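Asker: The structure is given below, and queries will be raised subsequently.
The values are calculated or read from the model by the stated rules, or taken from the named source; none is laboratory data. These figures come from a predicted structure and were not determined experimentally. Quick reminder, even Gly has a Cβ in these numbers, built from the backbone with ideal geometry, and neighbours come from all protein chains shown. Accessible surface is based on the protein model in full, side chains and every heavy atom, while ligands, DNA and RNA are left aside. Shrake-Rupley method; radii C 1.70, N 1.55, O 1.52, S 1.80 Å.
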Amino acid sequence: MRKITDMAKTAACLAAAAVTGQLLDSFGFVNPYWVQIFQLGCIMTISALGLNIIYGFTGLFSLGHAAFYGIGAYTAAYVMKSSGGESHLLFLAALAAGVACSALVACLVGLPVLRLTSDYLGIATLGFGIIMKVLFDNADGVLPILGGARGMTGLAKMTTVAWTIAVLGIAMIFVRNIVRSSYGRALVSIREDEIAARAIGIATFRYKLAGFVIGCGLAGLAGGLYAHLYAFLHPSNFDFFKSVDVLVIVVLGGLGNLSGTLAASFGWILLLEVLRVALPPGYMELRWVLIPVLLIVTMLLRPQGLFGSREIRFFRDGLDS
Amino acid sequence: MILSIENVYVYYGNMLALRDVSLHVKRGEIVSLIGANGAGKSTVLRSISGILAPRAGRILFNGEDISGLPAHKIARMGLSHVPEGRGVFANLTVFENLEMGGYARRSDLEVREGIEEVFSLFPRLKERRSQMAGTLSGGEQQMLAIGRAMVSRPDLMLLDEPSMGLSPLLVGEIFDMIEEVNRGGVAILLVEQNAFAAFSIAQRAYVLETGHVAMHGDTNELRNQPGVQAAYLGVVPGGG
Ligand SMILES: Nc1ncnc2c1ncn2[C@@H]1O[C@H](COP(=O)(O)OP(=O)(O)OP(=O)(O)O)[C@@H](O)[C@H]1O
Ligand SMILES: [Mg+2]
């Protein structure tokens, strides 16, 4: 019974947050610039939570996260645009298609490479990311609607504040319930010692594959939201450096720490904006000096991630504990 | 007969690691497997628990041929392997480690009972139940590794050098606990460098030399063999 009331309470809070956020935005109480930064932070969090499951909890080193983000983005965009509709129901279907497509590709990629050790997985996912970038660049050859290297334009701006908050909320609850379950502890035990995990009866390969697929599915979900935020997609949004961004966020926030991922995602988006505004024109490239310096300092000061092993209350307990 | 290994050959790549190894463990027995560094003791355990697959020969567990089955399936049949270096999950708490022990095989209730049993056998673990396993001392980690294996209530437990890196006092303590586990009906195959300690609790032993069983028999008899004394019990030949 307690669980049901808890769930109802969480759902009510989430709905309230989504509605409030939407009203604040719709009536112009908040500067649209900040609204967009907030939404980008939410989207980044969803994607980074996915990578945290893959790398932080299961210990699978992936350098191709942005490719799955891109697959979700292009799939959702394709569904929306080719059907020509703008209904919320259609958007829901488009997001679902993005998740499904990312997850399916993750499964196909994971089946051969997850049998390898983690370092090889890093190389394999890196290669996969590069291949996907080339495919995005040339996608117009097969499906002109995708735009290829010119970018995909004319998408519906479906990603409202309410959608963003609701999807982030659901993703957070979903991830929390996974990692705080015995299933999540099985993933952690694989990260800690794969041989020992097998020796206590965990079908490690199956679990690794599931963790990878779930994490990539979340990237695909984030991609679908992203595609319909600016209504414009370009392959450069999904290149290798974008994969590194997410990796940096997950490491900074702390491997296996959800609160850290949340904070680091928003922190990262803010930082990029601050630097964009603060740096004099012509010195933009200095970003790529300042950010690494900041990273090194942070890692020296907080090698365990921003929060160490502490979590905010929301992330602490799952359904079964 | 709970375990019987028949003419097993195991390779790492194309290097022969076990040559025609046969051994068996009877129900309720403690059997020890001793041998020098690199003799292949851990390889024997890895082949039994399915981490390695033998290239030839058969491994029967409870009468069923398990050679070539994946490790997690073998574990679910009631065979627990406590690997060399213990393999506790460093970033899970003591309690969570124990829970994981019953993850694949036991209901929640059985797991809770199993954990209570482990706590009564190893009170030190109970005191540290919320501590991260990685911060335990070496001896405590060994207790945890054995405890975690116990929670699944196996029929057979494979222990790989439980005395490694422990003080003589602690070795005694751990071995008492192994005997205690055995009294609960669990057969044990115990790999040890410390033949002296192993012989004190095992009824029978096998001596492995470069991937081959060189000798086997009752520990009482083996203890008096000059070859065993010189090589494994630190008795100087001709002296004393
Ligand atoms: N993964 C591996 N790849 C290749 N060779 C291996 C591997 N593991 C072990 N070996 C070799 O197989 C032989 C037997 O190793 P094993 O670990 O079984 O020895 P051991 O008797 O357990 O030794 P120790 O007492 O030092 O633990 C050794 O020569 C070792 O070098
Ligand atoms: Mg060994």
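Asker: Could you say which residue among A:L262, A:L252, A:L258 is open to solvent by less than 20 Å² (accessible area, probe 1.4 Å) and within 24 Å of A:W34 (Cα to Cα)? Let's see the steps before the verdict.
Answerer: Working: A:L262 fails: open to solvent by less than 20 Å² (accessible area, probe 1.4 Å); A:L252 fails: open to solvent by less than 20 Å² (accessible area, probe 1.4 Å).
When all the criteria are applied, what remains is A:L258.
Asker: Let me ask something else. Tell me, please, whether a residue that is within 16 Å of ligand 2 (Cβ to nearest atom) and within 12 Å of B:I34 (Cα to Cα) can be found in region B:219-229. Steps first, please.
Answerer: Just the residues of region B:219-229 that are within 16 Å of ligand 2 (Cβ to nearest atom), to begin with: none.
Within region B:219-229, none of the residues are within 16 Å of ligand 2 (Cβ to nearest atom) and within 12 Å of B:I34 (Cα to Cα).
Asker: Here is a follow-up. Show the residue pairs that are 6+ apart or on different chains and have beta-carbon atoms under 6 Å apart, the first residue being within region A:21-41 and assigned to a helix (DSSP H, G or I), the second being open to solvent by 40 Å² or more (accessible area, probe 1.4 Å).
Answerer: A:L24/A:V30; A:V35/A:D25; A:G41/A:F266
Asker: Need a quick list: helices (runs of 4 or more DSSP H) entirely within region A:97-208 having at least 1 residues that are of a type outside the set (G, A, S), within 14 Å of chain B (Cβ to nearest Cβ) and open to solvent by 50 Å² or more (accessible area, probe 1.4 Å).
Answerer: On the way: elements: A:118-137, A:161-179, A:182-192, A:194-199.
Hits in region A:97-208: A:182-192, A:194-199.
Asker: Could you figure out which of (1) away from ligand 1 (no atom under 11 Å from the Cβ); (2) surrounded by fewer than 18 Cβ atoms within 10 Å (Cβ to Cβ) isn't true of B:A36?
Answerer: Result: B:A36 passes all but (1).
Asker: Determine the pairs where a residue that is more than 8 Å from ligand 2 (Cβ to nearest atom), located within region B:35-47, has a partner that is among the basic types (K, R) with Cβ atoms under 6 Å apart, the partner being 6 or more residues away or on another chain.
Answerer: Going by the 6 Å Cβ cut-off, the qualifying pairs are B:G35/B:K41.
Asker: Let me ask something additional. Tally up the residues in region B:188-209 that are in a helix (DSSP H, G or I) and acidic (D, E), please.
Answerer: 0
Asker: Still on this structure, please answer the following. Just checking, does region A:85-94 include any residue being closer than 24 Å to A:G267 by Cβ and assigned to a helix (DSSP H, G or I)?
Answerer: At the first step, the residues of region A:85-94 found to be closer than 24 Å to A:G267 by Cβ are none.
No, because not a single residue in region A:85-94 is closer than 24 Å to A:G267 by Cβ and assigned to a helix (DSSP H, G or I).
Asker: Provide a single number: the residues in region B:67-79 that are buried (at least 20 other Cβ atoms within 10 Å of the Cβ), away from ligand 1 (no atom under 16 Å from the Cβ) and under 18 Å from A:I195 (Cβ atoms). Spell out how you get there, then give the answer.
Answerer: The initial filter retains those residues of region B:67-79 that are buried (at least 20 other Cβ atoms within 10 Å of the Cβ), namely B:67, B:71-72, B:74-75, B:79.
Going one step further and asking which of them are away from ligand 1 (no atom under 16 Å from the Cβ), we end up with B:67, B:72, B:74-75, B:79.
Filter once more, so that each one left must be under 18 Å from A:I195 (Cβ atoms): B:72, B:74-75, B:79.
The qualifying residues number 4.
Asker: Before we move on, is B:G50 near ligand 1 (Cβ under 8 Å from one of its atoms), without any contact (Cβ under 8 Å) to a residue 40 or more places away in the chain and of a type outside the set (K, R)?
Answerer: Criteria not met by B:G50.
Asker: Continuing with the same structure: Just to be sure before I move on: is B:I188 touching a residue at least 60 places away in the same chain (Cβ under 8 Å) and within 30 Å of B:V228 (Cα to Cα) in the structure I sent? Let's see the steps before the verdict.
Answerer: Numbers: touching a residue at least 60 places away in the same chain (Cβ under 8 Å): yes; within 30 Å of B:V228 (Cα to Cα): yes.
Criteria met by B:I188.
Asker: Being assigned to a helix (DSSP H, G or I) and within 13 Å of chain A (Cβ to nearest Cβ) is the requirement here; does B:I51 meet it?
Answerer: Numbers: assigned to a helix (DSSP H, G or I): no; within 13 Å of chain A (Cβ to nearest Cβ): yes.
For B:I51, the condition - assigned to a helix (DSSP H, G or I) and within 13 Å of chain A (Cβ to nearest Cβ) - is not met.
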